[in-house]
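The values are calculated or read from the model by the stated rules, or taken from the named source; none is laboratory data. Note that the coordinates shown come from a computational prediction; the quantities given were computed from them, not determined experimentally. All Cβ positions, glycine included, derive from the backbone under ideal geometry; neighbour counts span all protein chains shown. Remember, those area values only see protein heavy atoms, side chains included, never the ligands or the DNA or RNA. Shrake-Rupley method; radii C 1.70, N 1.55, O 1.52, S 1.80 Å.
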Amino acid sequence: MRIAVFATKAYDRRFLDLANAGFGHELRYFEPRLDGETAGLAAGHDAVCVFVNDRLDAGTLERLAAIGVRHVALRCAGYNNVDLAAAGRLGIAVVHVPAYSPEAISEFTIGLLLALDRKIHRAWARVRENNFALDGLIGRNLAGRTAGVIGTGRIGALVARTLRLGFGCEVLASDIVEDPALTAIGIRYVPRDALIASSDIVTLHCPLTPDTHHLLNATSLATLRPDTLIVNTSRGALIDTAALIQSLKARRVGGVALDVYEQEADLFFEDLSDQIVEDDIFQRLLTFPNVLVTGHQAFLTEEALTAIATVTLQSLADAEAGRPLAHALGADRIVRAGPAR
Ligand code: NAD
C-alpha cells in the first residue's frame, strides 16, 4: 500500500522502516502534521499514517477522501483527534494500535510519580551545580498511602497493580467497568468523586471523552486532600489547566506530574528551545517547584515503537488484502466528534 506518514520524527522512520521489511509497503515520510492545510500532501497515497496531534476533523477527512485516501492508520491508542462519524460517512476506514505496550506507559507513570514525590528532578539539577544540600527535598513513602487510579484498562490496571503489590499502597479505582482481577488483590472501586476526595495520589488513565473532559476542574480540585499528588499520562484535557494553576497557587495541591497537556499540539514533539513560547498557561505551570512536565514521551520505548510500527503496517496490509481489520474504529467508538483537543 502507498502510505503517507505524517508528523514523522527520526524514531518513527527508524521503527517503521525496520518493520516494513516484512510488509513491503511504499512509505513516504512527511514532517508536518496532518490537518486541513497539509492534507494535499497525501495525494497519490492510499493511506495516511498519523499520530496523537494530527487533526483529522471533518474538513481534513473530506480533503483526504477527495484525493482518494481510503485508510487512516493511527500509530497510537487514543483517537480523540479523529472525527469517526465523518470518516464513516466518507467511507474512510480508521485503525489504531490499542495496546502496543501498556508497560511503557505504566512504568513511565510510576517513574513520574517517584520523581515528583521524592523530588528527583530537582535533586539532579542541584547536584549538577555542586549543591548537595538536602533542604526542600523531603518526600514521603508511597507505602501505606492511598492511590486513586481513574481508568483501569490496560495501562491503569498495571499502574494499580504496581502501586498495590509493588509499593503497598491502598488503591482506590474508578472506571465504568470493574476489573475483578483488581478487586481480587484488594483494590476497591469507588465513585470518581469519592476517589478524588479520598486519595493522596490521583493518577489518570481513562480516555478523553465528554464524560472525562476536565474531570479535574475547579470543583473537583477543591475536594482534594491537602498535599495530593496528581499524575496525568493519559490526555491533557482530562485536567482544566487554568483551574489546576489556581489550586497550585492556593497551595491546595501537593504536586503535579504531567506527560500530556491540553494545548500540547502547539508545543510537544518540537524543539522550540530557540523560540518564544506564547502559551502563558503552560509557562506559568512550569514556574511551580512542585510541577514536573514531560513532552508526551510515556510511549517512547523500543518495545512500544516496534509494536506500534508492526501493528500499524499489519493493519494496512490486512486492509489492502480485504481481510477483517482487528483494530478498526467503527461507529461504536464515536465518543466525540469535532476538532482535537
Ligand atoms: P484502555 O481502553 O485499555 O483503558 C481505558 C479505561 O478507561 C477502560 O477501562 C475504560 O472502561 C475506562 N473509562 C472509559 N471511560 C471512563 C470514565 N468516564 N471514567 C473512568 N474510566 C473510564 O486504554 P489504555 O491503553 O489503558 O490507555 C489509557 C489512555 O492512556 C488512553 O486513552 C490514551 O489516551 C493514553 N495513552 C497515553 C500515552 C502516552 O504516551 N502518554 C500512550 C498511550 C496511551
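Matching residues to (1) at pLDDT 95 or above; (2) open to solvent by 50 Å² or more (accessible area, probe 1.4 Å); (3) near the ligand (Cβ under 9 Å from one of its atoms):
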| residue | (1), (2), (3) |
| --- | --- |
| Gly151 | yes, no, yes |
| Ala157 | yes, no, yes |
| Ala160 | yes, no, no |
| Leu163 | yes, no, no |
| Cys169 | yes, no, no |
| Asp175 | yes, yes, yes |
| Pro180 | yes, yes, no |
| Ile185 | yes, no, no |
| Tyr189 | yes, no, no |
Breaking point among (1) over 20 Å from Ser106 (Cα atoms); (2) away from the ligand (no atom under 16 Å from the Cβ), for Leu229: (1)
Inter-residue pairs, beta-carbon under 6 Å, first closer than 18 Å to Arg14 by Cβ and among the hydrophobic types (A, V, I, L, M, F, W, C) and in segment 298-321, second more than 16 Å from the ligand (Cβ to nearest atom) and assigned to a helix (DSSP H, G or I), 6+ apart: Ala309/Leu16; Ala309/Ala19; Leu313/Ala19; Leu313/Asn20
Qualifying residue in segment 96-109 (condition: over 30 Å from Asn53 (Cα atoms) and not aliphatic (A, V, I, L, M)): no
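Looking at this structure, is Gly111 within 16 Å of the ligand (Cβ to nearest atom), under 20 Å from Ala309 (Cα atoms) and either more than 19 Å from the chain's Cα centre (by Cα) or of a type in the set (Gly, Ala, Ser) (or both)? Quick ask: steps written out before the conclusion?
Details: within 16 Å of the ligand (Cβ to nearest atom): yes; under 20 Å from Ala309 (Cα atoms): no; either more than 19 Å from the chain's Cα centre (by Cα) or of a type in the set (Gly, Ala, Ser) (or both): yes.
It is false that Gly111 is within 16 Å of the ligand (Cβ to nearest atom), under 20 Å from Ala309 (Cα atoms) and either more than 19 Å from the chain's Cα centre (by Cα) or of a type in the set (Gly, Ala, Ser) (or both).
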First in segment 23-42 and farther than 9 Å from Phe6 by Cβ, second anywhere and polar (S, T, N, Q) and open to solvent by 50 Å² or more (accessible area, probe 1.4 Å), Cβ under 9 Å, 6 or more apart: Phe23/Thr310; Phe23/Gln314
Long-range neighbours under 9 Å by Cβ, at least six apart or interchain, first residue open to solvent by 20 Å² or more (accessible area, probe 1.4 Å) within segment 249-268, second assigned to a strand (DSSP E or B): Gly254/Ile201; Gly254/Leu229; Gly254/Ile230; Glu262/Ile239
Of residues in segment 40-65 being part of a helix (DSSP H, G or I) and under 24 Å from the mean Cα position of the chain (by Cα), the one farthest from Leu305 (Cα to Cα): Ala58
Inter-residue pairs, beta-carbon under 7 Å, first touching a residue at least 40 places away in the same chain (Cβ under 8 Å) and in segment 110-121, second open to solvent by 20 Å² or more (accessible area, probe 1.4 Å) and not polar (S, T, N, Q), 6+ apart: Leu112/Leu292; Ala115/His121; Ala115/Leu292; Leu116/Leu292; Asp117/Gly139; Asp117/Arg140; His121/Leu292
